[in-house]
C-alpha cells in the first residue's frame with residue numbers, strides 16, 4: 001500500500017481552529033479509514049492526490065509537496081533510512097500512469113486551518129453550489145477530454161481561490177533593469193564566480209570581514225549559508241548585510257526549515273531594505289541531522305519551491321501571499337539549488353523545471369565531481385527548454401584529504417567517482433592533489449554549454465579560492 005506505514009515516527013500536527021459538525025467528523029473518520037490504507041493519506045485537508053499520482057506527499061518527513069529534496073536517493077529517505085523516499089514512489093507511479101505532466105504544477109502552501117479535516121465534504125458542498133446533482137450528471141455525459149477538463153477546473157476551485165492556487169506555467173520576470181550586479185553580469189553573458197562562506201559561530205563580524213577582504217577581488221558575489229546541517233550560526237541575513245556594507249555583493253541563502261510564510265515575507269523585505277537583492281531559496285536540512293536536543297520536527301510550513309513562488313509573486317505581482325497589496329514590490333534576483341545527482345535524471349529535470357517555473361532565475365548546484373553526469377543533467381534541462389531560462393553556476397568543493405573525500409562521497413546527492421577517491425588515497429600530498437583535481441574540473445566545466453559560472457564552496461579553506469581562480473585562467 002503506497003506510502004502507508006502504521007506507527008511511523010513523523011505525523012503532521014493538527015490545529016483545529018474551529019469545531020466541526022458531528023456529521024463532518026463522521027465523514028472525516030470514513031475518509032481517513034479509506035484514504036489512509038489506499039494512498040497513505042495524512043488528512044492534511046488540502047488534498048491534491050490527483051496531482052501526485054494518488055500517493056500522499058505528506059508521507060515525506062519534511063512534508064514536501066513539490067518534489068523530493070536534494071538529499072533524495074532511490075534506496076531510502078535520507079532523514080529516515082527505514083523508509084523509501086515517497087517522492088520516488090510518486091514519480092515512478094506518475095510515469096507508469098502517464099501523468100508526469102501533473103508533477104509540474106506548483107502546489108501552494110497548506111491552509112493550516114483545514115489540516116486534520118476531511119476533503120470530501122468540501123467537494124460535495126462545492127458541487128452542490130456550482131451545479132447540483134444535474135450538473136454532476138451532465139458532466140459525466142461529456143466526452144472524456146472535456147470531462148477531465150471540467151473535473152480539473154472544479155477541483156481547482158474547491159481546494160483554493162484563484163489568487164492562492166499554484167500552476168504549471170513558466171513565469172519569467174517582466175522586462176526590467178538588473179536589480180543586482182550579479183544579475184547584470186549574468187544577463188550580459190559574463191562567466192561569474194561566487195563563493196560560499198559559513199557564518200561564524202559567534203556574534204562578532206571580524207571573521208566575516210577578514211574573509212570578504214580575502215575574496216573581494218576574485219569573486220562576483222559571496223553566499224552565506226543559513227544554519228547548514230541544522231546547526232545554529234550567525235544568520236545569513238546579518239552576514240549578507242555586513243558584506244553589502246563592505247562593498248561585496250551578497251547572496252542571502254534562506255532555508256524553509258526556519259521560516260513560516262510570514263517570516264519569509266518579512267525577512268526578505270528587511271533584506272531588501274539593507275541592500276540585499278540576491279536570494280537563494282533552499283528547503284534546508286532536516287532538524288534530525290542537527291545536534292541534540294532537537295526541536296520540533298513536525299511542521300514545515302513551506303518548501304523551497306513555494307518560497308520562490310511567494311517571492312516571485314511579491315516582486316512581479318506586487319502582493320503578499322494573503323492577497324494584500326505591497327506598497328512597493330521588492331527588487332529581487334531569485335535563485336535555487338540545482339541537484340544534478342540527487343535522483344533519477346528524468347525526475348530531477350522535472351523538479352528543476354518546477355523551480356524555474358516558480359521563479360528561479362539562477363541555479364547554484366550541489367557539488368560536482370562527475371562531469372559526465374553533470375552534462376547529462378544539463379541535457380535533461382535542455383530537453384525541457386529550461387536551460388535557456390536559467391543561469392547555471394556549477395558547484396565545486398576542493399578536497400583537502402582522503403578522509404574528507406570519503407565524507408563528501410557519503411553526502412546524499414553527491415557523486416564522487418572512484419577514480420578520484422583512488423587519486424586522493426594514493427597521493428603523497430592529498431591537499432595539493434585536491435587542488436589539481438579541482439582545477440581539472442574547472443577546465444571541463446567552463447567548456448560545457450549552459451554553464452554560466454562557478455560556485456566554490458571551500459568550507460573553511462577560503463584562502464584557496466584566489467589560487468583556483470588564478471591558475472584556472474577564468475579571470
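Is it the case, given these coordinates, that residue 120 is over 19 Å from residue 310 (Cβ atoms) and modelled with pLDDT of 70 or more? For residue 120, the condition - over 19 Å from residue 310 (Cβ atoms) and modelled with pLDDT of 70 or more - is met. Given the structure, is residue 364 closer than 30 Å to residue 420 by Cβ, over 12 Å from the mean Cα position of the chain (by Cα) and assigned by TED's automatic domain parsing to the domain that holds residue 432? No, not satisfied.
Determine whether region 250-264 contains at least one residue that is touching a strand residue (DSSP E or B) at 6+ places or on another chain (Cβ under 9 Å), assigned to a loop (DSSP other than H, G, I, E, B) and under 23 Å from residue 180 (Cβ atoms).
Filtering region 250-264 for residues touching a strand residue (DSSP E or B) at 6+ places or on another chain (Cβ under 9 Å) gives 250-257, 264.
Right, trim to assigned to a loop (DSSP other than H, G, I, E, B) and you get none.
Within region 250-264 (the criterion being touching a strand residue (DSSP E or B) at 6+ places or on another chain (Cβ under 9 Å), assigned to a loop (DSSP other than H, G, I, E, B) and under 23 Å from residue 180 (Cβ atoms)), the answer is no, since none of the residues qualifies.
Would you check which residues across region 351-377 are touching a residue at least 40 places away in the same chain (Cβ under 8 Å), crowded, with 22+ Cβ neighbours inside 10 Å and assigned to a helix (DSSP H, G or I) and list them? The answer is 351, 353, 354, 355, 356, 357, 358, 374.
Filtered by the rule that a residue be under 20 Å from residue 406 (Cβ atoms) and in contact with a helix residue (DSSP H, G or I) (Cβ under 7 Å, 6 or more places away or on another chain), region 424-449 gives 424, 425, 427, 430, 433, 434, 435, 437, 438, 441.
Residue-by-condition table, conditions (1) more than 27 Å from residue 229 (Cα to Cα); (2) more than 26 Å from the chain's Cα centre (by Cα); (3) in contact (Cβ under 8 Å) with a residue 24 or more places away in the chain; (4) not assigned by TED's automatic domain parsing to the domain that holds residue 340:
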residue	(1), (2), (3), (4)
405	no, no, yes, no
410	no, no, no, no
416	no, no, yes, no
419	yes, yes, no, no
422	yes, yes, no, no
427	yes, yes, yes, no
434	no, yes, yes, no
437	no, yes, yes, no
440	yes, yes, no, no
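For residue 381, the criteria (1) buried (at least 23 other Cβ atoms within 10 Å of the Cβ); (2) closer than 22 Å to residue 465 by Cβ hold in every case but one, which is (2). Answer yes if at least one residue in region 408-416 is over 22 Å from residue 186 (Cβ atoms) and loosely packed, with under 15 Cβ neighbours inside 10 Å, and no otherwise. Yes.
Matching residues to (1) in a loop (DSSP other than H, G, I, E, B); (2) more than 20 Å from the chain's Cα centre (by Cα); (3) modelled with pLDDT of 75 or more; (4) surrounded by 15 or more Cβ atoms within 10 Å (Cβ to Cβ):
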residue: 62; (1), (2), (3), (4): yes, no, yes, yes
residue: 67; (1), (2), (3), (4): yes, no, yes, yes
residue: 71; (1), (2), (3), (4): yes, no, yes, yes
residue: 87; (1), (2), (3), (4): no, no, yes, yes
residue: 96; (1), (2), (3), (4): no, yes, yes, no
residue: 108; (1), (2), (3), (4): yes, no, yes, yes
residue: 138; (1), (2), (3), (4): no, yes, no, no
residue: 157; (1), (2), (3), (4): no, yes, no, no
residue: 165; (1), (2), (3), (4): yes, no, no, no
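Checking each residue in region 278-304 for being surrounded by 24 or more Cβ atoms within 10 Å (Cβ to Cβ) and either in contact with a strand residue (DSSP E or B) (Cβ under 6 Å, 6 or more places away or on another chain) or assigned to a strand (DSSP E or B) (or both) picks out 278, 279, 280, 281, 284, 304. How many residues does region 233-257 contain that are surrounded by fewer than 17 Cβ atoms within 10 Å (Cβ to Cβ) and under 20 Å from the mean Cα position of the chain (by Cα)? Selection size over region 233-257: 0.
Selection of region 450-469 for residues being out of contact with any helix residue (DSSP H, G or I) (no Cβ under 7 Å at 6 or more places or on another chain) and at pLDDT below 95 yields 459, 460, 461. Looking only at residues that are touching a helix residue (DSSP H, G or I) at 6+ places or on another chain (Cβ under 8 Å) and assigned to a helix (DSSP H, G or I) in region 204-229, which one is modelled with the lowest pLDDT? So the residue we want is 229.
Here the condition is being surrounded by 17 or more Cβ atoms within 10 Å (Cβ to Cβ) and in a helix (DSSP H, G or I); of 393, 420, it holds for 420 alone.
Scoring residue 50 on the criteria (1) part of a helix (DSSP H, G or I); (2) surrounded by 23 or more Cβ atoms within 10 Å (Cβ to Cβ) leaves a single failure, condition (2). Residue 201 satisfies every condition listed in (1) without any contact (Cβ under 8 Å) to a residue 60 or more places away in the chain; (2) crowded, with 16+ Cβ neighbours inside 10 Å; (3) not in a helix (DSSP H, G or I) except (2).
Listed here are the residues, each with its yes/no results for (1) assigned by TED's automatic domain parsing to the domain that holds residue 384; (2) assigned to a helix (DSSP H, G or I); (3) modelled with pLDDT of 90 or more.
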{"site": "312", "(1), (2), (3)": "yes, yes, yes"}
{"site": "316", "(1), (2), (3)": "yes, yes, yes"}
{"site": "329", "(1), (2), (3)": "yes, no, yes"}
{"site": "334", "(1), (2), (3)": "yes, no, yes"}
{"site": "337", "(1), (2), (3)": "yes, no, yes"}
{"site": "346", "(1), (2), (3)": "yes, yes, no"}
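The values are calculated or read from the model by the stated rules, or taken from the named source; none is laboratory data. Note that the structure is a prediction, hence the values are computed from the model and not measured. Virtual Cβ from ideal backbone geometry, glycine too; neighbours counted across all protein chains shown.
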